[in-house]
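Engineer: Below is a structure I'd like to ask you about.
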Amino acid sequence: MDALEAIYQRRAVKGFDPNHKITPEEEQKLLEAAIQAPTSFNIQHWRFVILRDPELRQKVRTELGFDQAQMTEASLLILFTADMNAWQKEVSRYWANAPEQVSNQMVGMTGAFYEGREWLQRDEAQRSIGMAMQTLMLTAKGMGYDSCPMIGFDIEKLAELINLPEDHVMGPMVAIGKKVKEPWPKPGQLPLSELVIENKF
């Protein structure tokens, strides 16, 4: 599917075929595409939690997720998290294939950029999650699947349920599968005249 076509056709789908299975090869393809999304300093701090266990997914749906059907009926349910301290964990591995001069420069700059700026560490984690999510959803659309990004769940309780490390941040989750219910018509996009600013507000 053409990239623009995938962008315009992607919708938040709520109704999925609970009997459809995504193959391991398809799942691998989706995840490998998701990690092509950019991250600052290439620190690749996303961590994708595959919520695969049926009992866990049922618990998330009924106890933490406001009984959203896509949490159990979608073929794949991925919770996006990110390691806020990835900027200081074996930084050289992020530049393993770069020319030595580039690698040394970027590794040296990373610590100075993030050190003592906890707000930036958290902001970067969420920005990176967002870009990886969109990449995943567009890839799914290109592969003939639909998706639904979700923030409608108890963040604190789910973090506890999955044993989220203290230096990680929670993001949304994405359900992926074969739709059985068409989404409602697009509610409408604001005109660019309201959204685009030239140079200064």
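The values are calculated or read from the model by the stated rules, or taken from the named source; none is laboratory data. Treat the numbers as computed from the prediction; the structure is a model and nothing was measured. Positions of Cβ are backbone-derived with ideal geometry, glycine not excepted, and every protein chain shown enters the neighbour counts. We work out accessible area using only protein heavy atoms, side chains counted, and drop any ligands, DNA or RNA first. Shrake-Rupley method; radii C 1.70, N 1.55, O 1.52, S 1.80 Å.
Engineer: Taking the stretch 69-105 as the search range and keeping residues that are open to solvent by less than 20 Å² (accessible area, probe 1.4 Å), touching a His at 6+ places or on another chain (Cβ under 8 Å) and of a type in the set (G, A, S), which one is nearest to D123 (Cα to Cα)?
Structural biologist: Ranking the candidates gives A82 first.
Engineer: Continuing with this model, one more query. Part of a helix (DSSP H, G or I), open to solvent by less than 40 Å² (accessible area, probe 1.4 Å) and at pLDDT 95 or above - does that describe any residue in the stretch 152-162? Step through it out loud before you land on a result.
Structural biologist: The first filter runs over the stretch 152-162 and keeps only residues part of a helix (DSSP H, G or I), leaving 155-161.
With the extra rule that they be open to solvent by less than 40 Å² (accessible area, probe 1.4 Å), the set shrinks to 158-159.
With at pLDDT 95 or above added as a condition, the list becomes 158-159.
Yes.
Engineer: List every residue pair whose Cβ atoms sit under 7 Å apart, with the two residues 6 or more apart in sequence or on different chains, where the first one lies in the stretch 96-117 and is in a helix (DSSP H, G or I) and the second, anywhere, is open to solvent by 90 Å² or more (accessible area, probe 1.4 Å).
Structural biologist: Pairs that qualify, where the first residue is in a helix (DSSP H, G or I) and the partner is open to solvent by 90 Å² or more (accessible area, probe 1.4 Å), are G111/Q88.
Engineer: So, one more: Just one of D123, D146, D167 is open to solvent by 60 Å² or more (accessible area, probe 1.4 Å) and not small (G, A, S); which is it? I'd like the intermediate steps shown before the answer.
Structural biologist: On the way: D146 fails: open to solvent by 60 Å² or more (accessible area, probe 1.4 Å); D167 fails: open to solvent by 60 Å² or more (accessible area, probe 1.4 Å).
After applying the criteria, what remains is D123.
Engineer: A further question on this structure: Given Q70, Q105, Q58, which one is under 22 Å from the mean Cα position of the chain (by Cα) and farther than 17 Å from A159 by Cα?
Structural biologist: Details: Q105 fails: under 22 Å from the mean Cα position of the chain (by Cα); Q58 fails: farther than 17 Å from A159 by Cα.
Q70 is the lone residue from the list that is under 22 Å from the mean Cα position of the chain (by Cα) and farther than 17 Å from A159 by Cα.
Engineer: Something else about it: So is E26 of a type in the set (D, E) and in contact with a Phe, Trp or Tyr (Cβ under 6 Å, 6 or more places away or on another chain) or not?
Structural biologist: Values: of a type in the set (D, E): yes; in contact with a Phe, Trp or Tyr (Cβ under 6 Å, 6 or more places away or on another chain): no.
Here the answer is no, as E26 does not meet what is asked.
Engineer: Next question, about the same structure. Every residue in the stretch 156-184 that is β-branched (V, I, T), out of contact with any Ser or Thr (no Cβ under 6 Å at 6 or more places or on another chain) and closer than 17 Å to W46 by Cα, please. Give the derivation first.
Structural biologist: Step one: of the stretch 156-184, the residues β-branched (V, I, T) are 162, 169, 174, 176, 180.
Filter once more, keeping what is out of contact with any Ser or Thr (no Cβ under 6 Å at 6 or more places or on another chain): 162, 169, 180.
Correct list: I162, V169.
Engineer: How many residues are in contact with a strand residue (DSSP E or B) (Cβ under 6 Å, 6 or more places away or on another chain) and among the β-branched types (V, I, T) when one looks only at the stretch 87-145?
Structural biologist: Counting residues in the stretch 87-145 that are in contact with a strand residue (DSSP E or B) (Cβ under 6 Å, 6 or more places away or on another chain) and among the β-branched types (V, I, T) gives 1.
Engineer: Could I ask something else about it? Considering only the stretch 2-68, give the helices (runs of 4 or more DSSP H) lying wholly within it that have at least 2 residues that are surrounded by fewer than 16 Cβ atoms within 10 Å (Cβ to Cβ) and of a type in the set (A, V, I, L, M).
Structural biologist: On the way: elements: 3-9, 24-34, 54-59.
In the stretch 2-68, 3-9 are the helices (runs of 4 or more DSSP H) which contain 2 or more residues that are surrounded by fewer than 16 Cβ atoms within 10 Å (Cβ to Cβ) and of a type in the set (A, V, I, L, M).
Engineer: So, E90, is that one farther than 30 Å from K141 by Cα and either among the charged types (D, E, K, R) or at pLDDT 95 or above (or both) or not? Walk me through it before giving the result.
Structural biologist: On the way: farther than 30 Å from K141 by Cα: yes; either among the charged types (D, E, K, R) or at pLDDT 95 or above (or both): yes.
Yes: the conditions hold for E90.
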